[in-house]
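What follows is a short report on a single structure.
The values are calculated or read from the model by the stated rules, or taken from the named source; none is laboratory data. Nothing here was measured: the structure is a model prediction, and the numbers come from that model. Every residue, glycine as well, gets a Cβ built from its backbone with ideal geometry; the counts of neighbours run over all protein chains shown. Note: areas computed on protein heavy atoms with side chains; ligands, DNA, RNA excluded. Shrake-Rupley method; radii C 1.70, N 1.55, O 1.52, S 1.80 Å.
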Amino acid sequence: MKVLVHICCAPCSVACIKELRSENVGELCGLWYNPNIHPFTEYKARRLTLVDYAKSIQLPLLTEGEYGLRYFISNIYPDYDNRCDFCYSSRLEYTAKRAKELNLDAFTTTLLISPYQKHELIKQTGERIARETGIEFLYRDFRPLFRQGQDEARELSLYMQKYCGCVFSEEERYRKKKKPIETKPEDEKK
Ligand code: SF4
């Protein structure tokens, strides 16, 4: 079987690729297509890390699409809170389309390894696209491998991102860490 593996980032790909290779599922080809990653410097850092990592493990890799802030925002406006639906659909639809054009048999995604993603939504989205395109969605629950893969990525000194990808996830990540502004008793009386 020939499988196109959508890769969200190098660290998440470590355990997924290892697992698929250990299963001998067939020929694997990686695909970088992530218009959801912002800002531009972050997009470049993640993309470059994957290009280098794929070379190091002899994984053929297609790097497609451009930095997509405008595309992403214009498609999720004004329903910012439900943005993940579009984010998963757009990336998996593109992956299935490319798999079909390349005459491959199946597609999958490294998003299936993250315990922080909406796993069921990714699964349902992949299955829907498989029905629509006739390309098999190779579903795996890679989540039990997440910690191991991240540890290995750190040992390899891969660039490790601090947030999911879009500008909204960056805000959520750092707002959570922000300490509440301390007020003095005299301020509270004002
Ligand atoms: S939080 Fe992550 S999955 Fe959801 S829209 Fe942003 S980048 Fe995509």
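Restricted to the stretch 77-104, and to residues there that are over 17 Å from the mean Cα position of the chain (by Cα) and within 19 Å of GLU171 (Cβ to Cβ), the residue that is farthest from the ligand (Cβ to nearest atom) is PRO78. Inspect all residues belonging to the stretch 94-102 and state whether any of them is among the aromatic types (Phe, Trp, Tyr), in contact with a Phe, Trp or Tyr (Cβ under 6 Å, 6 or more places away or on another chain) and open to solvent by 10 Å² or more (accessible area, probe 1.4 Å). Looking through the stretch 94-102, at least one residue is among the aromatic types (Phe, Trp, Tyr), in contact with a Phe, Trp or Tyr (Cβ under 6 Å, 6 or more places away or on another chain) and open to solvent by 10 Å² or more (accessible area, probe 1.4 Å). The residue pairs whose first member lies in the stretch 35-58 and is among the hydrophobic types (A, V, I, L, M, F, W, C), whose second member is open to solvent by 30 Å² or more (accessible area, probe 1.4 Å), and whose beta carbons are closer than 6 Å, counting only pairs six or more residues apart or on different chains, are PHE40/TYR67; ALA45/TYR159; ALA54/LEU61.
Taking ILE17 as meeting all but one of (1) among the β-branched types (Val, Ile, Thr); (2) within 19 Å of ARG147 (Cα to Cα); (3) not in a helix (DSSP H, G or I), write down the number of the exception. Result: ILE17 fails condition (3) only.
To keep it simple, each residue is scored yes or no on (1) under 29 Å from GLU42 (Cβ atoms); (2) at pLDDT 95 or above; (3) open to solvent by 50 Å² or more (accessible area, probe 1.4 Å).
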residue: ASP105; (1), (2), (3): no, yes, yes
residue: SER114; (1), (2), (3): yes, yes, no
residue: GLN117; (1), (2), (3): yes, yes, no
residue: LEU138; (1), (2), (3): yes, yes, no
residue: ARG147; (1), (2), (3): yes, yes, yes
residue: ASP151; (1), (2), (3): yes, yes, yes
residue: TYR163; (1), (2), (3): yes, yes, no
residue: VAL167; (1), (2), (3): yes, yes, yes
residue: GLU188; (1), (2), (3): no, no, yes
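No other residue among GLU64, GLU42 is farther than 21 Å from GLU127 by Cα and within 13 Å of the ligand (Cβ to nearest atom) apart from GLU42. Looking only at the stretch 46-85, residues that are open to solvent by less than 30 Å² (accessible area, probe 1.4 Å) and among the hydrophobic types (A, V, I, L, M, F, W, C) come to 5 in all. In contact with a strand residue (DSSP E or B) (Cβ under 8 Å, 6 or more places away or on another chain), assigned to a helix (DSSP H, G or I) and more than 16 Å from the ligand (Cβ to nearest atom): is that true of VAL51 in this structure? So VAL51 passes the test. Selection within the stretch 119-131: residues that are away from the ligand (no atom under 12 Å from the Cβ) and free of Cβ contacts under 8 Å to residues at least 40 places away in the same chain. The member of this set that is least open to solvent (accessible area, probe 1.4 Å) is GLY126.
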